[in-house]
Amino acid sequence: MMDQVVLVLGASGLFGSHAARAFERAGWQVRRYSRARGDMAGAAHGADLIVNALNPPAYHHWARLVPAITQEVLGAAQANGAAVLVPGNVYVFGKEPGPWGVATPHRAHTRKGRIRAQMEAAYRDAAARGTQVILLRGGDFLAPGEARSLLDMVVLKHLARGRITTMGPPSVPRAYAYLPDMARAAVMLAEGRANLASYEDVPFPGLTFSTEELRAALQDRLERPLRMRPFPWWAMRLASPVWELARELSEMRYLYRMPHRLDNARFAELLPNFRGISLPDLAVQEVAALSV
């Protein structure tokens with residue numbers, strides 16, 4: 001059988017880079033697309049699958065660029081008969097009670113959440129017209145040792161000094177997606193796509209843990225106590241008028257206060273033998289990656 005071909009959009013980003021490596025390890029022919037190449041439909045010629053891991057570089061451009069990227073991706077897929085795989089997030093659920101799954105209503109209450117909900121609706125509509133779409137939905141991305149991961153960039157920034165930062169109440173459990181696992185799951189879903197519906201919304205259960213549970217796992221690994229300090233949200237409020245990241249992060253503060261997890265029912269149906277990383281093993285990786 002000839003190698004399958006995947007075009008990975010945003011292959012230098014967090015999900016995109018892990019996806020590209022996972023598909024390569026699985027024997028796929030991987031093409032990495034950059035915006036500089038311009039012609040997405042041409043780059044997708046002969047591709048079996050398009051992974052859309054593109055994100056606009058600035059949040060204030062989301063309302064304009066996310067729909068434009070979505071339509072470009074769908075146009076490239078339709079022109080080449082390719083399926084599409086998209087990494088989704090939890091913004092679309094707003095403050096709906098969990099666990100969040102396939103049947104949870106999309107009631108986004110933030111600007112970014114509404115944009116993502118509109119994006120997902122466009123993919124569902126395209127699937128109804130014949131383009132197969134797999135949306136693999138994850139919580140906060142985990143990528144030990146990569147500064148772009150919020151866990152490393154903020155929560156564990158001062159781990160070497162014996163301190164971790166909590167961005168909400170320490171006991172609140174939250175959903176996380178360990179990217180090597182999520183990318184591996186993406187490959188498995190793509191390889192089994194002949195048995196999937198034209199539109200699949202697949203919550204990736206990943207890991208669910210609180211900052212307190214993370215601290216306990218790290219303390220077990222380090223064999224010493226760790227202090228905890230709250231994130232300075234007050235500084236984000238002050239900086240919001242002039243600093244885009246502070247404004248956008250503040251909008252999503254509710255996700256650090258609200259307990260949530262992703263329902264694993266559909267994922268377990270599709271990939272019953274999948275085994276992901278454990279919290280103790282994640283702690284081992286974080287300690288090694290941060291050279292603590």
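Calculated from the structure at hand, Cα extents along the principal axes in Å is found among (1) 55, 43, 38; (2) 55, 45, 33; (3) 90, 67, 35 as (1). The distance linking region 206-244 with region 63-105 is 29 Å (Cα centroid to Cα centroid, whole angstrom).
In the complete set of protein chains, residue-level accessible area for T166 is approximately 10 Å², probe 1.4 angstrom. Restriction of the GluC sites (Glu not before Pro) in region 193-292 to DSSP coil positions whose beta-carbon has at most 14 other beta-carbons within 10 angstrom yields E223.
The residue among V86, A76, P105 whose Cα reaches farthest toward the positive pole of the charge dipole of region 28-172, with charges on the beta-carbon of Lys, Arg, Asp and Glu, is P105.
Just for the chain, what percent of DSSP beta bridges are antiparallel, to the closest 5? Taking every DSSP beta bridge within the chain, about 10 percent pair in antiparallel fashion. For the chain, modelled as a GNM whose springs connect Cα atoms under 10 angstrom apart, the maximal fluctuation among Y59, Y176, Y199 occurs at Y59. Protein-only accessible surface at a 1.4 angstrom probe places the residues R275, R221 in the order R275, R221, largest first.
Going by accessible surface with a 1.4 Å probe and the largest first, W234, W243 read W234, W243.
Hand me the trypsin sites (Lys or Arg not before Pro) from region 77-171 located in a DSSP loop with no more than 11 other Cβ atoms within 10 Å, in residue order please. Here the sparse-neighbourhood loop sites are R129, R148. Working note: 222 nm ellipticity from helices only, DSSP H runs with n ≥ 4, each -39,500 (n - 2.57), summed and divided by the residues of the chain, gives -11500 deg cm²/dmol to the nearest 500.
The values are calculated or read from the model by the stated rules, or taken from the named source; none is laboratory data. As the structure is a prediction and not an experimental result, all values here were calculated from the model. Note that each Cβ is placed from the backbone with ideal geometry, even for glycine, and that neighbours are counted across all protein chains shown. Areas reflect the complete protein model, heavy atoms only, side chains present, ligands, DNA and RNA absent. Shrake-Rupley method; radii C 1.70, N 1.55, O 1.52, S 1.80 Å.
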